[in-house]
């Protein structure tokens, strides 16, 4: 989202910078100012650790901290960074529009994004007039939601709650008309059980965007354990490159009673085909 037209005061930029330093507003593609932009599009296209933040006048002392230096791009690649995140924003907006158009009157529907990060999708649905739009994540993005709601005049709700991989549930989680999961299955050891949980809280529809394998049979491939979440113990430690086959994913929707399965194709302006085609964007609807 390009936030520049909505910024009301300099304090909002300062708050955004504090959240960026805290790692709470880096991953999803937002433009706060001509000299402040964040998003993972550049890393998706050019490789992990290429950078998530363009902030050319950041305090050099922050760059001496390895955990923070990792966030910032080499400023000479600013144009590529901006172009990549523009493509990521385009893809996200396509997903939001496709979901909104297919589900009917959005003002009568409730939405939940499980693993929501800083709230791109909950804010997006709220901007379009959703009856209720919720984000749930194991990381506390409360302040990011507060800032974005204030800037956009939206009312997206954040719930700080973890998915329990042993119980395959989120404590106290309600049902919603539409449940969204963007790049979450790839970080879980129990992708089918998690998918089953999403189906149990989705009254009407699920949207999934996730990496998949090109295997023809029903299978799941895993990467190395504990890449991102060092404290997760076996069997919940496989948090890297978990990929179900596309066939398994679609069969899982069918077995949960989703009779309409729409695969959203790539479109002009979105992510490159060689990246997009390694994933599946599926919107599955119950009758």
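The values are calculated or read from the model by the stated rules, or taken from the named source; none is laboratory data. Note that the structure is predicted; figures quoted are calculated from it, not measured. So basically every Cβ, Gly included, is an ideal-geometry build from the backbone, and we count neighbours across all protein chains shown.
If residue 268 satisfies all but one of (1) under 16 Å from residue 94 (Cα atoms); (2) under 20 Å from the mean Cα position of the chain (by Cα), what's the number of the condition it fails?
(2)
Would you pick out the residues in the stretch 125-149 that are over 20 Å from residue 198 (Cα atoms) and either touching a helix residue (DSSP H, G or I) at 6+ places or on another chain (Cβ under 7 Å) or not in a helix (DSSP H, G or I) (or both)? So that I can check it myself, show each step before the final result.
Of the stretch 125-149, the ones over 20 Å from residue 198 (Cα atoms) are 126-129, 140-149.
127, 128, 129, 140, 141, 143, 144, 147, 148 - these are the residues of the stretch 125-149 that are over 20 Å from residue 198 (Cα atoms) and either touching a helix residue (DSSP H, G or I) at 6+ places or on another chain (Cβ under 7 Å) or not in a helix (DSSP H, G or I) (or both).
So which of 221, 203, 247 ends up being free of Cβ contacts under 8 Å to residues at least 40 places away in the same chain, touching a strand residue (DSSP E or B) at 6+ places or on another chain (Cβ under 8 Å) and over 25 Å from residue 1 (Cβ atoms)?
221
Of the residues that make up the stretch 155-178, is at least one closer than 30 Å to residue 15 by Cβ, within 16 Å of the chain's Cα centre (by Cα) and part of a helix (DSSP H, G or I)?
No, because not a single residue in the stretch 155-178 is closer than 30 Å to residue 15 by Cβ, within 16 Å of the chain's Cα centre (by Cα) and part of a helix (DSSP H, G or I).
In this structure, does residue 224 turn out to be in the same structural domain as residue 164 (by TED's automatic domain parsing) and closer than 20 Å to residue 48 by Cα?
So residue 224 passes the test.
Could you say whether any residue in the stretch 58-67 is outside the structural domain of residue 120 (by TED's automatic domain parsing), more than 20 Å from residue 227 (Cα to Cα) and under 20 Å from the mean Cα position of the chain (by Cα)?
no
With (1) more than 26 Å from residue 26 (Cα to Cα); (2) in contact (Cβ under 8 Å) with a residue 12 or more places away in the chain as the list, and residue 105 as the residue in question, which single condition is left unmet?
(2)
For residue 28, all conditions in the list (1) farther than 30 Å from residue 284 by Cβ; (2) modelled with pLDDT of 95 or more; (3) not in a helix (DSSP H, G or I) hold save one; what is the number of the exception?
Exception for residue 28: condition (1).
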